[in-house]
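*Asks:* Below you will find the structure I want to go over with you.
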Amino acid sequence: MSEFVITTLAERPEVAEYLGNNWNTWPPFMLEDLVAAALIGRVSREFADQCLVATQDGELVAHARSIPFAFGSEDRTELPARGWDQVLQWGMADLRFGRETNVSSALEIMIKPTHLGGGLSYKMLGAMRDAVKAKGHTALYAPVRPNGKTDAHLPMSQYAAMTRDDGLPVDPWLRVHVRAGGKIIKVAPTSMVVAASLAEWREWTGLPFDSTGEVVVPGALVPVLADVAHDRAIYVEPNVWVRHDV
């Protein structure tokens, strides 16, 4: 096979039509975050110069998206607890009102399952850092989803601090970022939210959702909270903020 060809989406706009129809590695319920549903599709169109695509022998094998936003002003002194959802809203608001941006946030790096474990994630992250540096930004942030977390009851703060014997994080995605020079900053406790009826949760997960309380769902980083009397279940996902100086 040939080498990976990684460019910005702005350099190869013809690839954009394939981004919404390729493989998905997210758990089904994660596609139901309302902020994502409303805004993520615009990122590739509005910020193609810092969205990335990777092909090998003409086949799309990875893509990534990031968004610019203004940070450090009086109204934005801290990375938001609402993590992924909030930074996506910030970036789109800054675009709408013409606010000058000085940093960016990664939103996703998607690797085709057949190409996982081959170092492509490091290449995509490096290319993303280069893309935001080219815009004159001082940092690339990332509300990382540590999908190696399998114990839903383990607090994210504890999991994010866990390391291997070599001092690197036990979580594969956090390890990618730290190896690339990223620094773990803090947990974003309410980074993404999925709220729906019990019937919808049954459809997404195949689980009964027939009692009130915590439900451990495969792929969820924390338990889903179900309320039978009110016919609803809510998943509030914590992510981990990482900073890359560029």
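*Asks:* What length, rounded to one decimal in nm, is gained on full extension from Ala38 through to Asn24, with 0.36 nm per residue of separation minus their alpha-carbon distance?
*Replies:* Contour length minus Cα-Cα distance gives 3.2 nm.
*Asks:* Next question. Any chance you could run the full-extension gain for Arg232 through Thr138? It's 0.36 nm times the residue separation minus the Cα-Cα distance, nm to one decimal.
*Replies:* Result for the pair: 29.6 nm of gain on full extension.
*Asks:* Let me know the whole percent of all Cα-Cα pairs from the range 81-206 that are separated by more than 24 Å.
*Replies:* Considering the range 81-206, 40 percent of its Cα-Cα pairs are separated by more than 24 Å.
*Asks:* Compute the distance in nm between two label points, each set 7 Å from the Cα along the Cα-to-Cβ direction, one at Glu17 and one at His115.
*Replies:* The two pseudo-label positions are separated by 2.0 nm.
*Asks:* According to a simple spin-label model (label point 7 Å from Cα along Cα-to-Cβ), what is the distance in nm between Asp166 and Thr77?
*Replies:* Placing both labels 7 Å along Cα→Cβ, they lie 4.0 nm apart.
*Asks:* Counting only complete DSSP H runs, which helices of the chain cover 27 Å or more along their long axis at the Cα atoms and score a mean Kyte-Doolittle of 0.0 or above?
*Replies:* Values: long enough: none.
In the chain, no H run is both long and hydrophobic enough.
*Asks:* Report, please, the projected area of the range 100-170 averaged over directions, based on the convex hull of its C-alpha atoms, in nm².
*Replies:* Numbers: hull surface 26.6 nm².
Hull-based average projected area comes out at 6.6 nm².
*Asks:* So who's got an amide H within less than 5 Å of the one on Val242, skipping anything under 5 residues away but keeping other chains? H placed 1.01 Å off N, in plane.
*Replies:* So Val242 has HN proximity to Ala142, Val144, Ile185.
*Asks:* Another question, if that's okay. Return the Rg/Rh ratio of the range 5-245 with Cα-based radii and a Kirkwood Rh.
*Replies:* 0.96
Where a number appears in this text, it was derived from the coordinates with a stated rule and is not lab data. Model, not experiment: these values are computed from the prediction. Here Cβ is always computed from backbone atoms with ideal geometry, including for glycine, and neighbour counts include all displayed protein chains.
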